[in-house]
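Coordinate-derived values only; no laboratory data. Just so it is clear, the model here is predicted, and its values are computed rather than measured. Counting neighbours? That spans all protein chains shown, and the Cβs are built from the backbone with ideal geometry, glycine included.
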Amino acid sequence: MRTVDEMVEEFDHHAPDMAQHLFNVHERMRMECPVHHTNKHGGYWVLTRYRDIARVARDDDTFCSRDGILIPGATRDIPIEVDPPDFYRYRRFLNTLFSPHAIAKTESFMHRLADELIDRFCTEGRADLHKDFALPFPAIVTLRLLGFPTENWEELTTFDVDPSNYNDTHPEGMDNGEVEPHAPIYDMIAKLAAERRRDGRDDVISALVRADIDGEPFTDDELHRMMRILINGGLLTTTDAIGNALHLMSLQPDIRHELQTDESQLDVAVEEFLRLEAPVVGLARTVTRPVEVEGRAMEPGDKVLMVWASANRDEDVFTRAGEFVLGRKSNRHMSFGVGIHRCLGSHLARLEIRVALEHLLRRLPDYTIDEAGIEWPDDVGSVYGKKALPARFAPRPGPTSRTRTHYV
């Protein structure tokens, strides 16, 4: 096992031993080498301080997204890997589909779904809170919102959705009109798009196929690339945010007790959970012209990794930065990014996390997670969470046949 010093010196955000030392490595880098260059993955710069990351994320002319937001790899997803002015063509339309008003319509479904998922294991006195709750909850919500069937959610989502693990097979990007096959959920996009063109519904894919932007409909390739980022975002990040929060409350029962006593604090608690353990660790940009960041010279073509998770613990910005502070007065965390590419689904994610925690705290107030049984991922280069959260609790009565709703 490498030491933290060695992990900084030979920094590789995809290294298998990074998962359990992530925040210690970030802290050392903020103090000693906040603008750091590593030779891994062809070489790239690593930014770990809040102010440097904010500067780069807001300068889309100097640090572009079109050459990929992952190191290594590029997926050509829309709009996250598109720069202005084309970026605005997509984002303005998508913003209406993920506005607070639009997302609020899904809340009643979320409450029913959370209860049904808990109903399925509450009588057992044990569960894997990742597999049985944190994973299916946002997956089903996302599929339903987008317009996919939810009864076979496991088949549609049982694949490696981490975008750092694949490259686009057509590097020239979306202009070629081709996309690579991945899994059943991607194969279904074309099928559903054709159906919605004939019979539209109140879902995202229907809105996309009916859209007329500047007099032009979206191409099939554009549709696929927009749907892909919406799917990946819905399946990856919110799952880990819920799991991270549940784990932290198991380690610090006083936090859980405060939230059980006063649910009105859940909204601010969600922000603090997101800050302390950001589910999206970092994203990249590519330098377009010579520039200096804190005296370090960067050249066109250089890759720059902005580590949101480190910025969130920057002691120059947050007091008691490494602690969970319920009711933190100023919480300008970067877990949803910064600048024009700030997370499109932030309103959806916040609501999902709050509803999930609200129901689990009510229904299983005494849960504890078995630390020895936690399964850590091999790679936290893009997202941070656990793959298994085995938990115990006092068994609760199950549902009656009249209350079961069969969403899953």
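Just want the ordering: Val307, Val35, from fewest to most Cβ atoms lying within 10 Å of their own Cβ.
Val35, Val307
Go through [x] 31, 28, 24; [y] 32, 29, 18; [z] 59, 22, 19 and flag the label whose value is the computed semi-axes √(5λ) of the Cα gyration tensor in Å for this structure.
Checked against the structure: label [y].
Summing -39500 (n - 2.57) over the DSSP H runs of n ≥ 4 in the chain and dividing by its residue number, what mean residue ellipticity at 222 nm do you reach, to the nearest 500 deg cm²/dmol?
It comes out at -12500 deg cm²/dmol, rounded to the nearest 500.
Which trypsin sites (Lys or Arg not before Pro) in region 100-131 sit in a loop by DSSP (not H, G, I, E or B) and have at most 15 other Cβ atoms within 10 Å of their own Cβ?
Counting only loop positions with at most 15 other Cβ atoms within 10 Å, the trypsin sites (Lys or Arg not before Pro) in region 100-131 are Lys105.
Running a GNM on the chain with Cα contacts under 10 Å, which residue among Asp12, Asp187, Asp77 ends up with the highest mean-square fluctuation?
Top of the fluctuation ranking is Asp187.
Could you tell me the relative contact order of the chain? Use alpha-carbon pairs under 8 Å, at least six residues apart, and round to a whole percent. Intermediate results must be reported in sequence, preceding the final value.
On the way: 643 pairs, mean separation 114.7, N = 408.
Taking the mean separation of contacting Cα pairs over the length of the chain, I get 28 percent.
Between Glu195 and Arg289, how many nm apart are label points set 7 Å from Cα along the C-beta direction?
Taking the simple label geometry, Glu195 and Arg289 are separated by 4.9 nm.
List the aspartates and glutamates whose Cα lies under 12 Å from the Cα of Lys40, skipping any in the same chain that are fewer than 8 positions away.
Result set, ordered by chain and number: Glu9, Glu10, Asp12.
How far, in nm, would the chain grow between Arg92 and Glu323 when pulled straight, counting 0.36 nm per residue and subtracting the alpha carbon separation?
Here the answer is 79.5 nm.
Read phi for every residue in region 62-78 and hand back ³J(HN,Hα) as whole Hz from Karplus 6.51 cos²θ - 1.76 cosθ + 1.60, θ = phi - 60°, with x for Gly and Pro.
8, 10, 8, 9, 5, 9, x, 10, 10, 10, x, x, 8, 10, 6, 6, 10
Spelling out what I want: for every residue of region 305-316, take phi, set θ = phi - 60°, compute 6.51 cos²θ - 1.76 cosθ + 1.60 (Karplus), and round to whole Hz; glycine and proline get x.
Once θ is set to phi - 60°, the couplings for region 305-316 become 9, 9, 8, 4, 4, 6, 4, 5, 10, 6, 5, 6 Hz.
If you place +1 on the Cβ of every Lys and Arg, -1 on the Cβ of every Asp and Glu, and leave all else neutral, what size is the dipole of region 40-106 about its Cα centre, to the nearest 20 Debye?
Charge dipole of region 40-106: 260 debye, to the nearest 20.
If I build a Gaussian network model for the chain, linking alpha-carbon pairs within less than 10 angstrom, which residue out of Arg49, Arg313, Arg89 has the largest mean-square fluctuation?
Result: Arg89 has the largest fluctuation of those listed.
List the GluC sites (Glu not before Pro) within region 1-66 that fall in a DSSP loop (any state other than H, G, I, E or B) and whose Cβ has at most 13 other Cβ atoms within 10 Å.
In loop regions of region 1-66 (DSSP not H, G, I, E or B), the sparsely surrounded GluC sites (Glu not before Pro) are Glu10.
Out of all DSSP beta bridges in the chain, what portion is antiparallel? Express it as a percent rounded to 5. Can you show the working numbers first?
Values: 21 of 24 bridges.
Beta bridges within the chain, antiparallel portion: roughly 90 percent.
Output the relative contact order of region 1-160, whole-number percent, from Cα pairs under 8 angstrom with separation of 6+ residues.
9
Pick out which of Leu276, Leu326, Leu143 has the largest mean-square fluctuation in a Gaussian network model of the chain, springs linking Cα atoms closer than 10 Å.
Leu326
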